[in-house]
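Here's the structure, in structure tokens; my notes come after.
The values are calculated or read from the model by the stated rules, or taken from the named source; none is laboratory data. Quantities reported herein were computed from a predicted structural model and do not represent experimental measurements. Note that each Cβ is placed from the backbone with ideal geometry, even for glycine, and that neighbours are counted across all protein chains shown. Side chains are part of the model used for accessible areas, which takes the heavy atoms of the whole protein and leaves out ligands, DNA and RNA. Shrake-Rupley method; radii C 1.70, N 1.55, O 1.52, S 1.80 Å.
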Amino acid sequence: MMTSMIVFAAIPIFFLLIGIEWWLDHRSGKHYMPFADAFGSLALGVWSISTKVILISIGGWVYLDLLNGVTLFEAIEMTPVLWLVAFVLYDFCYYWFHRISHECNFFWASHVVHHQSEEYNLTTALRQTSSGLFGFIFYFPLYLIGFSPATIATVGAINLVYQFWVHTRYVDRLGWLDRVFVTPSNHRVHHGQNDVYIDRNHGGVFVIWDRLFGTFQEEIPGLKIDYGVTVPVRSLSPLTANFQVWKQMAIDIPRAKNWLEALRLVFGRTGWRAQHMQDDYPLAKTMARGGTLARYKPMLTSPMIAYAAFQLAACSVFSTFFALNSLSYDNPTLWLTWLLISVPLVSCAGILEERANSFRVEWLRIGLSSVVVLTLPLSLDLSIIMGYLAVNTLALVLLGRFQNATEQSSLS
């Protein structure tokens, strides 16, 4: 409960800071926060919140049920000093989890979501995976020495909240702070795909771990950072983003000539593929010939932006309410509510990317979701049902105007 309170209490501050950064971006004309990129990152953040509600908490089950009481020492009685110790030790464990998430394909398949954005702004911080289920194993040493699961979760939440502010280009070098803490300058390096920056600066709060274990790299003055991943996702859909590497892994495994190759595709170095796969089935890279960065920038109109922003805002509100009240829902309601929140994010991405039949898909989604909410016996408050139907009604009006404007524009 304390963990949820820390994270959800920070959400209004997150969006306030995002608004301030957007204002600075608009005023400066630097265009560090284009709408398409922000939509993709925030949609993944919303999806991550709602998905984690319905996934079985594997870490909680292991700590609280399977290994309850299996520790090397007695439970630690927490004091202010021990809370600080727990916080530092958690960040040490986070460093290794984060580092391995960059160096092992199995963990990278989940973590890649956070790095897919080709921009770098505060919305990037909220770009989180929905398939990361096994990170808890890296914090197991804390449990063994006597820290409770609640303590681990609490310092983890504080660690996560801290990491938000470092995702900006509007804060320059910070002197001695850059030598001790993860700062915007240090974390910009981490998100770069320049050769000198790849797999550097893995700390969450403290950068001293990188200095100790040889993974530190200062931001180089005058070197433009190329953000994103070397094999771009080129989509705004949270579904496509979450399964990018998992899908490629599933495609490549049948191509393996032996079990060793298949195992290396899953557990080997990030990005490893056998030479015959590289030759016969090359992957499109971000860097085009001549070193030009080929960015993904879908052309958006004002009606497209307005409709996507409306749906994103509605899904954000419903997702937050869903996470805070999920304990009162039965399993069918959990799954159906997750679908009601998640599918609009995918269908809106299709509209922004101008996929074939994207309008028809959205009309169908609105109709079916309204029928589901009205007819199925869900354990939802009447106010939530009415709110969802009100959102769908307004969506019909906006979508109709949007489609008319698009058709008229194409005719002219």
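For the stretch 248-376, the pair-distance distribution built from all alpha carbon pairs, in bins 5 Å wide starting at 0, is 2, 8, 13, 12, 10, 10, 13, 14, 11, 6, 1, 0 percent. Highest-first packing order for the peptide set 364-376, 196-208 is 196-208, 364-376, based on the mean count of other beta carbon atoms within 10 Å. I want to verify a result. In a Gaussian network model of the chain, Cα cutoff 10 Å, which of these has the top mean-square fluctuation: MET386, MET304, MET249? Comparing MET386, MET304, MET249 in the GNM, the peak value goes to MET386. The residues of the chain expose, per residue, 51 Å² of accessible area to a 1.4 Å probe.
Ranked highest first by average number of other Cβ atoms within 10 Å, how do 108-118, 180-190 line up?
On the way: 108-118: 22.9, 180-190: 21.1.
In descending order of packing, they fall as 108-118, 180-190.
For a straight C-alpha distance cut-off of 21 angstrom, the lysines reachable from LYS247 (same-chain residues fewer than eight places away being disregarded) are LYS52, LYS257, LYS285. Size of the chain: Rg and Dmax of its alpha carbons, in Å, are 22.4, 75. Put VAL397, VAL245 in order of accessible area, highest first, and with a 1.4 Å probe you get VAL397, VAL245. Against the criterion of solvent-accessible heavy-atom surface with a 1.4 angstrom probe, HIS31, HIS98 sort, most first, into HIS31, HIS98. Considering every alpha-carbon pair of the stretch 93-160, the percent of pairs per 10 Å bin, from zero through the bin containing the longest distance, is 18, 46, 30, 6, 0. The distance separating the Cα centre of the stretch 327-386 from that of the stretch 304-322 comes to 12 Å.
In the stretch 224-279 the Cα-Cα distances spread across 10 Å bins starting at 0 as 21, 46, 27, 6, 0 percent of all pairs.
Note on the stretch 194-327: the C-alpha convex hull projects to 14.0 nm² when averaged across all orientations.
Just to make sure I understand: if all protein chains stay in place, what is the order of LYS285, LYS297 by accessible area at 1.4 Å, largest first? Let's see the in-between values first.
Working: LYS285 115, LYS297 140 Å².
Largest to smallest exposure gives the sequence LYS297, LYS285.
Of interest is the spacing of the C-alpha centroids, which for the stretch 203-273 and the stretch 159-183 amounts to 23 Å. In the elastic network of the chain, a GNM with C-alpha springs shorter than 10 Å, the most mobile of SER41, SER347, SER358 is SER358.
Taking a ≥ b ≥ c as the square roots of the eigenvalues of the Cα gyration tensor of the stretch 149-214, is the shape rounded (a/c under 1.5), prolate (a/b larger than b/c) or oblate?
Details: a/c = 1.78, a/b = 1.53, b/c = 1.17.
Prolate.
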